[in-house]
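Working notes, beginning with the structure itself.
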Amino acid sequence: MDSFQEAAAADETLDPPDWTEVGALSHRIVDDAIAYLKDVRERPAWREMPAEVRDFFDAPMPRSAAPVADVYGDVARNVMPYPMGNIHPRFWSWYMGASNFTGALGDFLAAVQGSNLGGGNHAAALMDSQVVNWMKEMVGFPASAGGTLVSGGSMANIIGLTVARNVKAGVDVRERGVGAMPKPLRYYASDQVHSCHRKAMEAFGLGNRALRRIPTDDGLRIDIAGLKRAIAEDRAAGFKPACVIGTAGTVNTGAVDDLQALATVAAGEDLWFHVDGCIGALIAIAPENRSLVAGIEQADSIALDPHKWLHAPFEAGCALVRDASLHRNTFAVTPEYLESTPRGLASGEWLHDYGLQTSRGFRALKIWMALKEHGVEKFGRLIDQNIAQARHLTGLIEAEPALELMAPTTINIVSFRHRLDGASEERLKAFNTEMMLRLQEEGIAVLSDTTVHGRHCLRVAIANHRTRREDLDLLVAEMLRLGQEIAAAATPA
Ligand SMILES: *Cc1c(COP(=O)(O)O)cnc(C)c1O
């Protein structure tokens, strides 16, 4: 061998020396994955990791090679048995979807192709735009609207609120910054608004106080008269009312603001109308409940979350902006190293012009495959099914004297607590927190908690295509059992 041949022989790659072996392991991984999902109902909804599993995550950085079968063995032993649990039929915490296997295959294939969404002329880029177009259609937006897939709802809201800021700034804010704005901007939302909007205000340099929280009515919807008063007050005080954020499904209780009324206020007051539809925008595809989100199609921008009610594997959010040119004008920058060409890979639309990321993963495929497999109508029915299940649980709570409903159930979120005769609010909170933790630790169900109208409550959010009514019946039965156990343990014999 001459020195050239030696160098060539030494070239390394991440590809395996023997694809046959990798093929066998890969088939095993797929078989294991299928078994994992098939048996999900038989496993606990959550379980604590033993100490040796925790220690496993302190292992030092691997400097040299290990057989990939051993690497997978580590994952199978230490990772797969201890998930967050949101794929479990009795996981109802916070708010997230339950994933799906076709979506997982999509994520796998997207990673195999490895595409970055930059450079507009390839299949991943076209599919990304296609999925965004389908989202527009689902919520009744025109095909001409702008949109982009992002990491999740928080980013999708940031996209919409950034366009609102730039449109309403009264100055070229991209060039001159928020300090040059003639008047400080004000955004409005209900006091139930998701925390990501606060982060947006802070990131924009507007500050948290730029977001006025408007009180809510008994149904925890924004009070329209209160909103109008706040706008008038702010105008008189020299602020520039810029944007009203309607929430289609609040994270606390699932309340849906009156979107038609908000659209009217926004039009009358010259405000940008943004809808945080991370939970509820997709109710627009649910035949029995779509009237709940009527008016969403009038928004200037919408944030929605395919990783919630479309059950896309994390992460997948989507921002839509009615006027595509306003959307593009907010983010488009063409540095010399990203110029498009008349033909070839770099021709076509560059999708990074619609958001903050440069590199973007091929998120569309996992959404696309599941939508094609099941059809949009089935996703709509599943949304209706979750809402019906929440109503079923609400009925069980109302019929059970030991339980107390804490907020009206509008969609798929039920806020309630276990009663405790004569107990203070503080004691009730401790009692219900203990109940929530035991439900987790016994692997029965995963709930979360919150505070509504100043009172602590437990929360069941059913965004889960695996949940059955019998799971909710079981929850109530187990809560009654635990209620007696916890009360007995607290009372000295
Ligand atoms: C989940 C949620 C968000 C944040 O979305 P992520 O996907 O978690 O980033 C924002 N608003 C509401 C109402 C939500 O439910």
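The values are calculated or read from the model by the stated rules, or taken from the named source; none is laboratory data. Since the model is a prediction, treat every value here as computed from it, not as a measurement. Quick reminder, even Gly has a Cβ in these numbers, built from the backbone with ideal geometry, and neighbours come from all protein chains shown. Protein only, heavy atoms only, side chains kept; ligands, DNA and RNA dropped before computing areas. Shrake-Rupley method; radii C 1.70, N 1.55, O 1.52, S 1.80 Å.
Lys228: which lysines have alpha carbons under 25 Å from its alpha carbon, excluding same-chain residues fewer than 8 sequence positions away?
Hits, sequence-local ones excluded: Lys168, Lys183, Lys199, Lys240.
Determine the equivalent ellipsoid of the range 377-490 by diagonalising the alpha-carbon gyration tensor, then write out the semi-axes as square roots of 5 times the eigenvalues, largest first, rounded to whole Å. It would help to have the intermediate numbers written out before the result.
Details: eigenvalues 125, 45, 28 Å².
Calculated on Cα positions only, the semi-axes equal 25, 15, 12 Å.
Express in nm, to one decimal, how much length is gained between Ala65 and Asn133 on full extension, taking 0.36 nm for each residue of separation and deducting their alpha carbon distance.
Values: separation 68, 0.36 × 68 = 24.48 nm, distance 4.44 nm.
Contour length minus the Cα-Cα distance gives 20.0 nm.
Under a point spin-label approximation (7 Å from Cα along Cα-to-Cβ), what is the Ala51-Ala76 distance to one decimal in nm?
2.7
Rounded, prolate or oblate, given the Cα gyration tensor of the range 105-374, with a/c below 1.5 counting as rounded?
Working: a/c = 2.23, a/b = 1.34, b/c = 1.67.
Verdict is oblate for the range 105-374.
Decide, for the range 228-315, between rounded, prolate and oblate: order the square roots of the alpha carbon gyration tensor eigenvalues as a ≥ b ≥ c, take rounded if a/c falls under 1.5, and otherwise choose prolate if a/b is larger than b/c, else oblate.
Numbers: a/c = 2.58, a/b = 2.01, b/c = 1.28.
It comes out prolate by the Cα gyration axes.
Would you work out the charge dipole size for the chain about its Cα centre, treating the Cβ of every Lys and Arg as +1 and the Cβ of every Asp and Glu as -1, and quote it to the nearest 20 debye?
1640
Taking N as the number of residues in the chain, what is its Cα Rg relative to 2.2 N^0.38 Å? List each step's numbers first, then the result.
On the way: Rg = 25.3 Å, N = 493, 2.2 N^0.38 = 23.2 Å.
Taking the Cα Rg and dividing by 2.2 N^0.38 Å, one obtains 1.09.
Report, for the chain, the % of DSSP beta bridges that are antiparallel, rounded to 5. Mind dumping the intermediate values first?
Numbers: 23 of 41 bridges.
Among the beta bridges of the chain, antiparallel pairing accounts for roughly 55 percent.
With each label point set 7 Å from Cα along the Cα-Cβ vector, what nm distance links Leu14 and Arg28?
2.2
Need the C-alpha centroid separation for the range 94-139 versus the range 382-431, integer Å.
36
May I ask you to list the trypsin sites (Lys or Arg not before Pro) in the range 301-375 that are in a DSSP loop and have at most 14 other Cβ atoms within 10 Å of their Cβ?
Qualifying residues, ordered by number: Arg343.
When the accessible area of the chain is computed with all protein chains present and a 1.4 Å probe, what percentage of it is carbon and sulfur? List each step's numbers first, then the result.
Values: 12460 of 23330 Å².
Result for the chain: 53 percent of the exposed heavy-atom area is carbon or sulfur.
Roughly how many Å is it from the Cα centre of the range 339-367 to that of the range 11-46, as a whole number?
31
Considering Cα pairs under 8 angstrom that are at least six residues apart, work out the relative contact order of the chain and quote it in whole percent. Don't skip to the answer; put the middle values down first.
Working: 865 pairs, mean separation 106.2, N = 493.
RCO, the chain: 22 percent.
With the cut-off at 1.5 for a/c, could you classify the range 137-246 from its C-alpha gyration tensor as rounded, prolate or oblate? Please report the intermediate quantities before stating the final value.
On the way: a/c = 1.62, a/b = 1.04, b/c = 1.56.
Oblate shape, in that a/c is at least 1.5 and b/c is the bigger or equal ratio.
Can you compute the FRET efficiency between Asp421 and Arg481 using 1/(1 + (r/R0)^6), with r the Cβ-Cβ distance and R0 = 22 Å? Round to the nearest 0.05.
Numbers: r = 18 Å, r/R0 = 0.80.
According to the calculation, E is roughly 0.80.
What is the calculated FRET efficiency for Glu404 to Thr341, with r their C-beta to C-beta distance and R₀ = 60 Å, to the nearest 0.05? Intermediate results must be reported in sequence, preceding the final value.
Details: r = 65 Å, r/R0 = 1.08.
Here the calculated transfer efficiency is 0.40.
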